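These notes concern the structure reproduced below.
The values are calculated or read from the model by the stated rules, or taken from the named source; none is laboratory data. Just so it is clear, the structure is predicted and the values come from calculations on it, not from any experiment. Every residue, glycine as well, gets a Cβ built from its backbone with ideal geometry; the counts of neighbours run over all protein chains shown. These accessible areas exclude ligands, DNA and RNA; they are computed on the full protein's heavy atoms, side chains included. Shrake-Rupley method; radii C 1.70, N 1.55, O 1.52, S 1.80 Å.
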Protein chains: 4
Amino acid sequence: MARTTDGDGTPVPQRLLAAATRLFAERGYDRTSVQEIVEAAGVTKGALYHYFGSKEDLLQEVYSRVLRIQQERLDAYADADEPVERRLRAAAADVVVTTIDNLDDAAIFFRSMHHLSPEKNKRVRAERRRYHERFRALIEEGQRGGVFSTATPADLVVDYHFGSVHHLSTWYRPDGPLTPQQVADHLADLLLRALRP
Amino acid sequence: MARTTDGDGTPVPQRLLAAATRLFAERGYDRTSVQEIVEAAGVTKGALYHYFGSKEDLLQEVYSRVLRIQQERLDAYADADEPVERRLRAAAADVVVTTIDNLDDAAIFFRSMHHLSPEKNKRVRAERRRYHERFRALIEEGQRGGVFSTATPADLVVDYHFGSVHHLSTWYRPDGPLTPQQVADHLADLLLRALRP
Amino acid sequence: MARTTDGDGTPVPQRLLAAATRLFAERGYDRTSVQEIVEAAGVTKGALYHYFGSKEDLLQEVYSRVLRIQQERLDAYADADEPVERRLRAAAADVVVTTIDNLDDAAIFFRSMHHLSPEKNKRVRAERRRYHERFRALIEEGQRGGVFSTATPADLVVDYHFGSVHHLSTWYRPDGPLTPQQVADHLADLLLRALRP
Amino acid sequence: MARTTDGDGTPVPQRLLAAATRLFAERGYDRTSVQEIVEAAGVTKGALYHYFGSKEDLLQEVYSRVLRIQQERLDAYADADEPVERRLRAAAADVVVTTIDNLDDAAIFFRSMHHLSPEKNKRVRAERRRYHERFRALIEEGQRGGVFSTATPADLVVDYHFGSVHHLSTWYRPDGPLTPQQVADHLADLLLRALRP
DNA sequence: GATGAATGAGTCTTCATTCAT
DNA sequence: TATGAATGAAGACTCATTCAT
């Protein structure tokens with residue numbers, strides 16, 4: 001397997017991805033130079049371009065990974081055998097916890113999407129839409145079943161909730177008074193309360 | 001007073017600010033070159049550096065203007081002679097309408113703040129904190145008066161609402177099905193419903 | 001006029017063009033770095049990009065200048081009030097002398113044209129075609145008048161002659177036994193002899 | 001003998017040479033990457049460096065092959081038992097046909113020679129000189145015998161003709177009105193007519 | 001014979017800012 | 001007030017070549 005690992009034994013592509021994620025979150029995509037990434041990962045520029053076609057590909061990889069993980073988790077919660085309000089609450093809380101656990105990814109997500117080329121942007125948007133639609137379907141299910149208010153269009157409710165999720169990277173601090181789970185419970189609670197008929 | 005205006009009669013500094021705002025929102029701060037700004041404003045580089053010390057100053061000006069406007073409006077609504085739930089609803093809805101009316105500023109705000117130097121960043125954060133505190137005070141007033149639930153800390157509620165406001169620039173489209181006022185009413189409604197005791 | 005000149009008083013754009021021409025001819029377009037050009041011209045990279053949009057623009061400028069000069073000279077000879085065989089001989093000899101006087105340009109011309117972008121390439125080809133057609137018209141005039149043989153299509157005769165002109169940069173050495181004018185007379189002579197009826 | 005061939009059964013070195021020839025002609029030596037060559041040949045980089053010491057060696061091989069072929073053909077025509085004007089005409093026409101049949105090689109030849117290292121360049125030049133001298137000897141033989149004019153030095157006549165041969169790759173198109181043999185006849189004819197006493 | 005991961009020097013280009021006029 | 005030529009540092013990316021396997 002040649003020299004795919006080095007030092008700590010982590011494969012080079014993953015070392016690069018980790019370094020890029022941290023740096024993109026820290027100083028933004030445009031302010032992070034390829035040079036800084038490879039230095040942080042302990043490899044050379046050539047190695048980076050051996051695995052990734054461009055700096056943008058690195059960003060795109062971060063997105064794909066996050067979206068894949070979140071989608072899988074959402075699907076699991078949404079498919080559970082429970083009343084809809086419990087499933088929605090669980091999903092709403094889980095995305096908060098997962099987001100806090102990967103605050104770097106979240107920060108990148110909502111600040112750097114416009115740095116992707118139109119083509120890649122389109123693909124990411126499509127994946128994200130799929131995610132939103134799954135979430136919206138849960139709300140609509142509850143509305144049809146009469147357990148959620150129909151006062152607000154489900155679409156808007158989804159954006160309302162995800163606005164607060166995206167916003168987490170702006171204000172949440174690990175050393176703050178609330179644990180991730182507490183924050184998640186509160187935010188899920190606010191969502192469910194707003195949906196009471 | 002020489003030629004402080006030109007063409008349409010708008011003073012040069014304001015033309016620069018308008019051009020910068022549009023471009024920063026369109027392609028991001030780092031992707032906008034000083035050359036593009038001056039071309040869009042119809043002036044030369046020398047002129048820009050005559051009025052603004054740096055590109056960053058331009059960004060900071062955009063922030064200051066938005067914050068000043070929002071603060072003034074919030075103060076007006078908060079000071080009104082009305083029951084607290086009406087004042088909160090009005091303020092919550094107003095910030096949505098104002099944000100939609102200035103989506104460019106909003107987009108810049110939540111994507112480019114980390115481009116400010118630490119010093120300027122600190123100042124902007126301070127102004128924003130003042131704004132948040134005023135909003136939080138309204139919620140706490142309602143909680144103390146028993147008209148709002150105390151289930152969730154006021155702090156978190158504020159972030160919950162402003163998360164959705166920031167998020168507007170991501171999803172709101174002027175040609176969508178809802179008018180700014182309708183969106184505002186819905187979002188304010190969700191907030192108030194979530195706060196029902 | 002700011003600092004458009006420096007050292008020897010030659011304007012910066014012309015100094016850059018001269019340096020580029022020499023270097024492109026010496027080591028080829030791709031083997032000449034922008035860094036080398038600006039060093040040879042005694043300016044900085046920024047200055048180059050202030051005047052020329054790209055390295056390719058520099059190459060295109062070399063082409064345009066050569067073509068313009070050659071076309072003007074050809075037109076002058078072709079329009080003269082002389083018998084056609086004298087006009088053709090004069091034009092055929094002149095292009096040889098001019099080419100030898102600017103061997104660098106010639107070397108670039110026939111080695112680097114494929115380095116131009118398709119769009120620029122098309123423009124250069126069009127200009128060159130115009131030049132060829134003027135030359136061909138002279139030959140056809142003589143053929144119609146019976147002073148030149150019609151054994152060979154005029155098109156081919158033109159390419160035959162210009163082949164030898166282009167080839168000059170491959171073999172002609174200023175310190176060789178023949179002066180430019182002597183070479184020119186010989187080559188024109190060969191052309192005219194080949195065209196004898 | 002392991003896998004020296006693959007797919008179509010052509011040995012790897014020849015597949016590489018063929019791919020390199022096409023690509024060098026198409027986009028120039030410097031613009032062709034080793035990666036592109038091995039991809040076009042359907043092998044890996046390791047394989048290329050197993051058979052060729054460097055990218056330059058590949059170029060040198062193209063040269064050597066062309067020169068060897070042309071020299072052999074010229075020798076055959078020059079040694080024939082025919083009057084000198086017939087031998088010259090045959091040789092002059094043959095080099096045109098052979099060049100057209102291998103336009104790629106010709107294009108490379110007259111555009112990429114300066115990409116060879118001084119040492120290799122010297123060797124190629126020497127071989128080419130030998131070729132030229134053989135051709136020149138034919139002309140001088142005719143001049144001494146009184147069948148060719150002595151108005152122009154034989155040297156110059158050789159360059160005159162080869163100029164037009166080199167030029168072929170610039171203008172000749174397979175789908176044009178003339179067949180390779182027709183072009184060859186015309187160009188040989190022009191040469192012989194120019195040499196009429 | 002053949003692989004392909006890794007190197008590291010080198011490429012063109014961009015850009016905020018300065019300053020003589 | 002305003003110009004625009006010039007700077008110089010930094011940016012992303014390419015590529016021939018090597019070498020452990």
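Tally up the residues in the range B:33-46 that are near DNA strand E (Cβ under 10 Å from one of its atoms) and within 11 Å of B:Leu16 (Cα to Cα), please. Even if it seems obvious, please write down each step before you answer.
Within the range B:33-46, the first condition is being near DNA strand E (Cβ under 10 Å from one of its atoms), and the residues that meet it are B:33-38, B:44-46.
After this cut, where a residue has to be within 11 Å of B:Leu16 (Cα to Cα) as well, the list is B:34, B:36-38, B:44-45.
Residues flagged as near DNA strand E (Cβ under 10 Å from one of its atoms) and within 11 Å of B:Leu16 (Cα to Cα) within the range B:33-46 amount to 6.
For B:Arg130, state whether it is of a type outside the set (A, V, I, L, M, F, W, C) and over 14 Å from A:Leu156 (Cα atoms). Can you show your working first?
Working: of a type outside the set (A, V, I, L, M, F, W, C): yes; over 14 Å from A:Leu156 (Cα atoms): yes.
Against the criterion (of a type outside the set (A, V, I, L, M, F, W, C) and over 14 Å from A:Leu156 (Cα atoms)), B:Arg130 qualifies.
From the set of residues in the range C:93-103 that are out of contact with any Phe, Trp or Tyr (no Cβ under 8 Å at 6 or more places or on another chain) and open to solvent by 20 Å² or more (accessible area, probe 1.4 Å), which is nearest to the other protein chains (Cβ to nearest Cβ)? Among those residues, the one meeting the criterion is C:Val97.
Residues are listed down the side, and each one gets a yes or a no for (1) in contact with a helix residue (DSSP H, G or I) (Cβ under 6 Å, 6 or more places away or on another chain); (2) more than 16 Å from DNA strand E (Cβ to nearest atom); (3) more than 26 Å from D:Ala188 (Cβ to Cβ):
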residue	(1), (2), (3)
D:Leu59	no, yes, yes
D:Arg65	no, yes, no
D:Arg68	no, yes, no
D:Tyr77	yes, yes, no
D:Leu88	yes, yes, no
D:Ala91	yes, yes, no
D:Asp105	yes, yes, no
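Quick one: would you say C:Arg86 is out of contact with any Phe, Trp or Tyr (no Cβ under 7 Å at 6 or more places or on another chain) and not assigned by TED's automatic domain parsing to the domain that holds C:Glu140? Here the answer is no, as C:Arg86 does not meet what is asked.
For the range A:177-197, which positions are surrounded by 12 or more Cβ atoms within 10 Å (Cβ to Cβ) and more than 9 Å from every other protein chain (Cβ to nearest Cβ)? Please lay out each step first, then the result.
Of all residues in the range A:177-197, those surrounded by 12 or more Cβ atoms within 10 Å (Cβ to Cβ) come to A:178-196.
Listed by number, the residues that qualify are A:Thr179, A:Pro180, A:Gln181, A:Gln182, A:Ala184, A:Asp185, A:Ala188.
Out of everything in the range C:51-62 that is under 18 Å from C:Arg31 (Cα atoms) and surrounded by 18 or more Cβ atoms within 10 Å (Cβ to Cβ), what residue ends up being nearest to the chain's Cα centre (by Cα)? That would be C:Val62.
Only a single criterion out of (1) open to solvent by less than 40 Å² (accessible area, probe 1.4 Å); (2) under 29 Å from C:Ser112 (Cβ atoms); (3) within 16 Å of DNA strand F (Cβ to nearest atom) is not satisfied by D:Glu39, namely (1).
Quick one: count up the residues across the range A:104-132 that are open to solvent by less than 70 Å² (accessible area, probe 1.4 Å), within 30 Å of A:Thr179 (Cα to Cα) and either of a type in the set (Ser, Thr, Tyr) or away from chain B (no Cβ under 14 Å) (or both). Final tally of qualifying residues: 4. Tallying residues that are within 14 Å of chain A (Cβ to nearest Cβ) and of a type in the set (Lys, Arg) within the range B:138-148 yields 0.
Here is a yes/no grid of residues against (1) exposed (fewer than 15 other Cβ atoms within 10 Å of the Cβ); (2) at pLDDT below 90; (3) under 19 Å from D:Met113 (Cβ atoms):
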| site | (1), (2), (3) |
| --- | --- |
| D:Thr5 | yes, yes, no |
| D:Ala20 | no, no, yes |
| D:Val34 | no, no, no |
| D:Tyr49 | yes, no, no |
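Within 13 Å of chain C (Cβ to nearest Cβ), buried (at least 20 other Cβ atoms within 10 Å of the Cβ) and not charged (D, E, K, R): does that describe D:Tyr160? For D:Tyr160, the condition - within 13 Å of chain C (Cβ to nearest Cβ), buried (at least 20 other Cβ atoms within 10 Å of the Cβ) and not charged (D, E, K, R) - is met.
For the range A:22-32, a residue qualifies if it is modelled with pLDDT under 90 and among the acidic types (Asp, Glu), and exactly one does: A:Glu26. Every listed requirement among (1) away from chain A (no Cβ under 13 Å); (2) open to solvent by 20 Å² or more (accessible area, probe 1.4 Å); (3) of a type in the set (Phe, Trp, Tyr) is met by B:Phe135 save one, (2). Might you let me know whether the range D:149-156 holds any residue that is within 11 Å of another protein chain (Cβ to nearest Cβ) and touching a Pro at 6+ places or on another chain (Cβ under 7 Å)? The answer is yes; a qualifying residue exists.
Note on the range A:63-89: residues that are buried (at least 18 other Cβ atoms within 10 Å of the Cβ) and without any contact (Cβ under 8 Å) to a residue 60 or more places away in the chain total 3.
Quick one: is C:Leu156 in contact with a His (Cβ under 7 Å, 6 or more places away or on another chain) and either charged (D, E, K, R) or modelled with pLDDT of 95 or more (or both)? It is true that C:Leu156 is in contact with a His (Cβ under 7 Å, 6 or more places away or on another chain) and either charged (D, E, K, R) or modelled with pLDDT of 95 or more (or both).
Is it the case that A:Ser169 is crowded, with 18+ Cβ neighbours inside 10 Å and within 9 Å of chain B (Cβ to nearest Cβ)? Reasoning before the result, please.
Numbers: crowded, with 18+ Cβ neighbours inside 10 Å: yes; within 9 Å of chain B (Cβ to nearest Cβ): no.
When the stated conditions are applied, A:Ser169 does not pass them.
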